[in-house]
Each structure stands twice: as structure tokens, then as C-alpha cells.
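These notes concern the structure reproduced below.
The values are calculated or read from the model by the stated rules, or taken from the named source; none is laboratory data. Because the structure is a prediction, the values reported are computed rather than measured. Please note: Cβ atoms are built from the backbone with ideal geometry, for glycine as well, and neighbour counts cover all protein chains shown.
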Amino acid sequence: MTGGARGIGAASAIRLAREGANVVIFDVLDKDGKETVAQIRKEGGKAEFVKGDVRSNEDLQKAVDLTLRTYGEINGALNSAGIMAAMAPDAVFDYQKQKNLLPSAIADAGDEYFDTLMDVNATGVFKSMRAELKPMLKQGKGGAIVNICSIAGLTGLAGNSAYVASKHACNGLTRNGAIDYAPYGIRVNSVNMAATETAMTDMAIKYVMAASKDNPNTEVPNMGRTKTLSLLAYADSKKRQSTVWEQAAVICFLLSDEASNLTGAIYATDGGWTAY
């Protein structure tokens, strides 16, 4: 699985291992990835870690080769690597120094911001799926792929032009993968969450707060403030976000044989965000 070092990917890896799956985590975050593997092994599960970047075909092939060498085949894949800003996932937030790399509306967006998000969130998913599908096809036993997209792949999200474009691409790849590989017994679905308790969401909150302070006297309305909560968050007294474990539950189901009749679906695991 890509992006399995922390957050939703790590929770999914841990749960899959608890249910008997052999797991290979692929991520740029070396320390977090090794810690997640150590936790899985401590609980008696089987897991390996490969450091790499989804933008690199060579890194992805290294992960595939290790998986086949260690476990013999690939039956399922989770593509959870993704970013909201054009900087390393573990970068220390500094709004003034990173403004050109952070979420932006179209007229304010620079090439580095847009190109980086498209490279990771869209092209990275394409390259990951391609690397995963080739051994699945050769094995001839079918399989399942789940892509982590976002509510940004289902609707617009104020001030996040590249993120929205890249996550719509992620859902497009999901649909096309489902069509092309159904004859081979390979199912492809996506999950699309709203605010979830992760480092990425923490960064997004810091960005919104910093941007508001940076432009206190603007007369232009901030459209992001017109809708800030999912239905369940609105109805909750503490306005809680979803948890990584709630997302992992759906992901693991979609990867399992119990979801054998499900493919090409774009699941809104968003607490009702896109329902209104």
C-alpha cells in the first residue's frame, strides 16, 4: 500500500494485518513507516516497509518486487499516498515561507503548487495502479484496488484548485480501472472522506487560520466559510472529525471478498458532507 506510514493508510495496514493480511507499506516517511511495521509485527502480523515516492516508477517496482519475493503474489492494493500542499508530508508548517506551496485558488496558484499535487495525487495514483495491476493480471486470480481520493474529488473545495483537480483525476482513474479490469476479476473502488483526524487535516486547519490572519481586512468573501462541517460533525456536540479507524473499516471491507460485487464505485465516506 502506498502512503501507509501514518494516518488512514497506517490504520488500514494495521487493521488488515490484524485480519490476517500480509502487508507491504510504501511511503516517503521512513521513520513513520518503520514504526507502523514494528507495531504490526509486535501484534503478531506480517509486514514489510519500502521507502519510496509514488512519482518514481523505479521505487514502485522495488515495492512490487519485494512483495512478490516475500509473499508470492499481490491480491489487493491501497493507494493512500496524497498531499494537499506542495511540500514534504513531514515539513514543519511556516505560512510566510510556504505561501506559494500551499492551497490556492486558480488565479493565485503557482506552477510548483499545481504541478506537484497533480504529480503525486493524480499521476502517482496512475503509476501505482499500473505497477499493481501488472502482477495481478499475470497471476490471473483477480484482486482488488482501493484508491483514497477525497470529497475534493466529488465537489469543489474553496481555495484548493490543484487538490480538487487531482482528486477528480483519482476518481476518474478509479472508474476507468473498474471498466478495463472487470473482465479479469479485478475490482477498483475509491473512498472519499471529509475532515479526518490526520496530520494533513491538522495542516489544513493551520493554513486556514494563518491565511485568515494574513488577510484580515479583505472585502472579498471567503467561500470556504459557507460550508465547514459534514452532517455528522454538525450534529455532534464536539463537532468531531471522522477517525482513521472509521475510514479503515470501509477500506478493508472493499479490499475483502465480502465486497466481491462492488466495483467502479466512488464511496462518500464523508459523514454526509456531499449529501447537502
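Quick notes on this structure:
- Restricting region 67-97 to residues that are exposed (fewer than 13 other Cβ atoms within 10 Å of the Cβ) and assigned to a helix (DSSP H, G or I), the residue that is modelled with the lowest pLDDT: GLN96
- Residues of region 98-124 that turn out to be surrounded by fewer than 18 Cβ atoms within 10 Å (Cβ to Cβ), in contact with a helix residue (DSSP H, G or I) (Cβ under 7 Å, 6 or more places away or on another chain) and under 12 Å from SER161 (Cβ atoms), as a count: 4
- Subset tally (residues that are of a type outside the set (Gly, Ala, Ser), in contact (Cβ under 8 Å) with a residue 60 or more places away in the chain and out of contact with any Asp or Glu (no Cβ under 8 Å at 6 or more places or on another chain)) for region 135-153: 5
- Residue within region 186-194 that is at pLDDT 95 or above and in contact with a Phe, Trp or Tyr (Cβ under 6 Å, 6 or more places away or on another chain) present: yes
- When SER12, SER80, SER56 are checked against the criterion of being closer than 26 Å to ASN192 by Cα and out of contact with any helix residue (DSSP H, G or I) (no Cβ under 7 Å at 6 or more places or on another chain), SER56 stands alone in meeting it.
- Within region 178-196, the set of residues being over 17 Å from the mean Cα position of the chain (by Cα) and of a type outside the set (Lys, Arg) comprises ALA178, ILE179, ASP180, TYR181, ALA182, PRO183, TYR184, GLY185, ILE186.
- Within the set LEU60, LEU29, the sole residue that is of a type outside the set (Asp, Glu), within 19 Å of CYS170 (Cβ to Cβ), out of contact with any strand residue (DSSP E or B) (no Cβ under 6 Å at 6 or more places or on another chain) and surrounded by 15 or more Cβ atoms within 10 Å (Cβ to Cβ) turns out to be LEU60.
- Residue check, GLU132 at pLDDT 95 or above, in a helix (DSSP H, G or I), of a type in the set (Asp, Glu) and buried (at least 22 other Cβ atoms within 10 Å of the Cβ): yes
- Condition check for ALA88: small (Gly, Ala, Ser) and more than 25 Å from ALA178 (Cβ to Cβ): yes
- Pair list, Cβ < 7 Å and 6+ apart or interchain, from region 6-29 residues that are farther than 15 Å from ASP53 by Cα to residues that are at pLDDT below 95 and in a loop (DSSP other than H, G, I, E, B): GLY7/THR198; ILE8/THR198
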